[in-house]
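The values are calculated or read from the model by the stated rules, or taken from the named source; none is laboratory data. None of the values given here were measured: they were computed from a predicted structure. Quick reminder, even Gly has a Cβ in these numbers, built from the backbone with ideal geometry, and neighbours come from all protein chains shown. Heavy atoms of the whole protein, side chains included, go into the accessibility calculation; ligands, DNA and RNA do not. Shrake-Rupley method; radii C 1.70, N 1.55, O 1.52, S 1.80 Å.
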Amino acid sequence: IIKKLRLPSVEAAALSPADAQNTLVACYVPEVKGAPASVTLFETAQLTPKGDAPAPIARKSFFKCSSCSFMWNAKGTAVIVQTASEVDTANKSYYGASNLHFLTADGSYEGAVPLSKEGPVHDVQWSPTGDEFLVTYGFMPAKSTLFSASCEVLQQLGAGPHNIVRFNPFGSYFAICGFGNLPGDVEIYERKARNWAKLNSVRVSNAVDLEWSPDGLAFLTSTVSPRLRVDNGFKVFNAAGQQLSHVEFPVLYAASWQPAPRGKYERRVLPKDLAMAAKEAVAAVPAQKKVEAFKPRHLRGLGSGNFSLAADDDDLKGKAQAACARYKASRPGIPGSEPVAMTKNQKKAAAKKKAKAKKAVEAEQESSQAAIKQQQQQAGADGGQESAPVQEASPVAPQDPAKRLRNLRKKLKQTEDLEKKVAEGLAPSAEQQAKLDTKQSLLDEIAALEI
């Protein structure tokens, strides 16, 4: 034994790449007796045969972790730590929770990867150049974000039904895929001078994995058993998404490219004519007819109202965004849940609506009180005699007191039923609140008619 590292309760460790300038080792210690889990970086040059732990270069502590995996970049300057917990304490997923942490070899960054959407981490991969890494994360539709080697956001790639990311061996192309129980969409991006540009998108149904060729100009998708026992086989596409071959098997257990030694191939890009031909070939495929889901009458005209794996609400623009906002505003609140915070414009609209409803109720009360007053005056003028026929020129026809009393009692019962629902947790709308405010006036009017 040349060098040893003795660390209490250590559970996992990973060395940085051998061709790095300074070899490091990352060690994971799980939670013990209430103490948080931690990942620590040590320099192998400072280790001794006795196993005494030297001063760490970087250290990150965290809770909610039952397992851990390390992903070093090719240069050995940074490591991604993916943690997983079997139980989601937030009760938002049956499959536990996962998080990403990031540590640099010089100790300049020790923290969580800044993910902008809540949900699980589906996949993460370093570029072979070691300068950037790609993450797809969040509840469906998942978001994809490109980060630099210092954990800064380089480019947001939008949301979609994706759960796998794959760089080609030279870092000149990458694919964002949605396999397994997702439709099989593959989005291909090409490296440009300053950022990444979307080259093409194809759909490969029933695929379970994607692998780039050693020369970086083609990729292979496979459908294997026992993951899927139908449509077993593999397909080969060029880097622009044009299908080159399709081989089927009754049963296929694995499919992969033959490995090539490092340095056999040089970095190349697909010729422009082949890229254009691939785009035309994909565009020539007839689009499948969309079958819209049934929508109740009260939701028609308020946007789709359907959950979509293909787009996130934040990515909508123009009329689609407005329709989505109208649909969300039309949905009733969940009884017992916390009220959703309204924007400034929404508060103004709600106040205006409430004032309008209040004016309408006040106008109705004034008209009913005027009718009652006229009846009382007419009864006093007649002195108990038979009432004279109502003149045609009378502006307000008196209403039958018994009928008016029945209507008022009906309104009172509706108001009391609404009060019970509010007591159970219903968040009243502006119209409902205005209705609740009229209860006392209804009681007074009923009492006047019952005399």
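Here are some notes:
- Among residues of segment 237-252, those that are over 17 Å from ASN206 (Cβ atoms), in a strand (DSSP E or B) and open to solvent by less than 50 Å² (accessible area, probe 1.4 Å), counted: 1
- Condition check for ALA18: within 39 Å of the chain's Cα centre (by Cα) and at pLDDT 80 or above: no
- Any hit, segment 152-169, residues being surrounded by 21 or more Cβ atoms within 10 Å (Cβ to Cβ), over 21 Å from the mean Cα position of the chain (by Cα) and not in a strand (DSSP E or B): yes
- Residues that are of a type in the set (Phe, Trp, Tyr) and in a loop (DSSP other than H, G, I, E, B) were ranked within segment 69-115; the one that is modelled with the highest pLDDT is TYR109.
- Against the criterion of being surrounded by fewer than 14 Cβ atoms within 10 Å (Cβ to Cβ), out of contact with any Pro (no Cβ under 6 Å at 6 or more places or on another chain) and of a type in the set (Phe, Trp, Tyr), TYR109 does not qualify.
- Tally of residues being within 21 Å of HIS122 (Cα to Cα), outside any loop (DSSP other than H, G, I, E, B) and open to solvent by less than 30 Å² (accessible area, probe 1.4 Å) across segment 204-236: 7
- Filtering segment 53-68 to residues that are within 18 Å of ASN99 (Cα to Cα) and either assigned to a loop (DSSP other than H, G, I, E, B) or polar (S, T, N, Q) (or both) leaves SER61, PHE63, LYS64, CYS65, SER66, SER67.
- Residue match in segment 91-104 (condition: over 26 Å from GLY160 (Cα atoms) and surrounded by 15 or more Cβ atoms within 10 Å (Cβ to Cβ)): yes
- Meets criteria (in contact (Cβ under 8 Å) with a residue 40 or more places away in the chain, surrounded by fewer than 21 Cβ atoms within 10 Å (Cβ to Cβ), in contact with a strand residue (DSSP E or B) (Cβ under 8 Å, 6 or more places away or on another chain) and farther than 28 Å from LEU220 by Cα) for SER201: no
- Residue among LYS420, LYS435 that is closer than 18 Å to LYS358 by Cβ and not β-branched (Val, Ile, Thr): LYS435
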